[in-house]
């Protein structure tokens, strides 16, 4: 039960993290899985790709197919809407974390 509740909380943080990296440079899903692993999130492709697809449907991310060494990879970048959402999320998260940090 506790794990399910924490998972739901962390999915929001993960989406903010995804937007952050999409703003820095285009990324592909396998790279993001490794990036999240470095932060202690063990995420499978079956969990990450639906999140990316939903964020794309909501116009927060845009996808570009690139052929790398004969293999097609989907690269994600942030949209203008995504940038606005990221900035607002950062402000709100900062305010909340200031209050709960102690």
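Here, each number is a calculation from the coordinates, and none is a lab measurement. Keep in mind the model is a prediction, meaning the values are calculated, not measured. Heads up, the Cβs are rebuilt from the backbone with ideal geometry, glycines too, and the neighbour counts pull from every protein chain shown.
For the chain, modelled as a GNM whose springs connect Cα atoms under 10 angstrom apart, the maximal fluctuation among 84, 29, 46 occurs at 46.
Subtracting the Cα-Cα distance of residue 6 and residue 25 from their residue separation scaled by 0.36 nm leaves 4.0 nm. Highest mobility in the GNM of the chain, judged by mean-square fluctuation with C-alpha springs under 10 Å and restricted to 20, 69, 39, is found for 69. Of the residues 60, 52, 11, the one that moves most in a GNM of the chain with alpha-carbon contacts below 10 Å is 11. Rounded to the nearest 0.05, the FRET efficiency derived from the C-beta distance between residue 100 and residue 77 at R0 = 35 Å is 0.65. Taking the fewest neighbouring Cβ atoms within 10 Å as the starting point, the ordered list for 56, 38, 88 is 38, 88, 56. With each label modelled as a point 7 angstrom along the Cα→C-beta vector, the residue 64-residue 42 pair spans 3.5 nm. Is the shape of the stretch 2-100 best called rounded, prolate or oblate, per the rule: a/c under 1.5 gives rounded, else a/b larger than b/c gives prolate, else oblate, with a ≥ b ≥ c the square roots of the Cα gyration tensor eigenvalues? Note, shape of the stretch 2-100 comes out oblate.
Only helices enter the 222 nm calculation for the chain: every DSSP H run of n ≥ 4 contributes -39,500 (n - 2.57), and dividing by all residues gives -22000 deg cm²/dmol, rounded to 500.
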